[in-house]
Amino acid sequence: MMWNVIRELAIHLSPEYISQFEAFDRIATGASSKETRQTFCLSNLNSEDNQLGDPLGLVFVQQKFSRESKQQVSRFSYLTNIPA
């Protein structure tokens, strides 16, 4: 549990500590290369503790999907929060 707290709070450290943390994390997880900034941001955005994923997903759906496709998907009872 403590490791999860450290991992979640590490993004708030100064750049020097972040680079040290990333180096340690690569060794601890066996990763062969540094995670790109884009991958890092997306993985944090998509984590279950992050509160931005749903609102950003909603904006994406509103901008990228047609009204017809949103109406078609809204037939599913568990997808009731999709504005057409």
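Every residue, every condition in (1) surrounded by 12 or more Cβ atoms within 10 Å (Cβ to Cβ); (2) at pLDDT 80 or above; (3) touching a helix residue (DSSP H, G or I) at 6+ places or on another chain (Cβ under 6 Å), yes or no:
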{"position": "TYR17", "(1), (2), (3)": "no, yes, no"}
{"position": "ARG26", "(1), (2), (3)": "yes, yes, no"}
{"position": "ALA31", "(1), (2), (3)": "no, no, no"}
{"position": "PHE40", "(1), (2), (3)": "yes, no, no"}
{"position": "ASN44", "(1), (2), (3)": "yes, no, no"}
{"position": "PHE60", "(1), (2), (3)": "no, yes, no"}
{"position": "PHE65", "(1), (2), (3)": "yes, yes, no"}
{"position": "PRO83", "(1), (2), (3)": "no, no, no"}
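Answer yes or no as to whether ASN50 is part of a helix (DSSP H, G or I), surrounded by 11 or more Cβ atoms within 10 Å (Cβ to Cβ) and at pLDDT below 75. Answer is no for this residue.
If you go through segment 9-20 one residue at a time, do you hit one that is outside any helix (DSSP H, G or I) and at positive phi? Within segment 9-20, not a single residue is outside any helix (DSSP H, G or I) and at positive phi.
The values are calculated or read from the model by the stated rules, or taken from the named source; none is laboratory data. Values in this document were obtained by computation on a predicted structure and should not be read as measured data. All Cβ positions, even for glycine, are placed from backbone atoms using ideal geometry, and neighbour counts span all protein chains on display.
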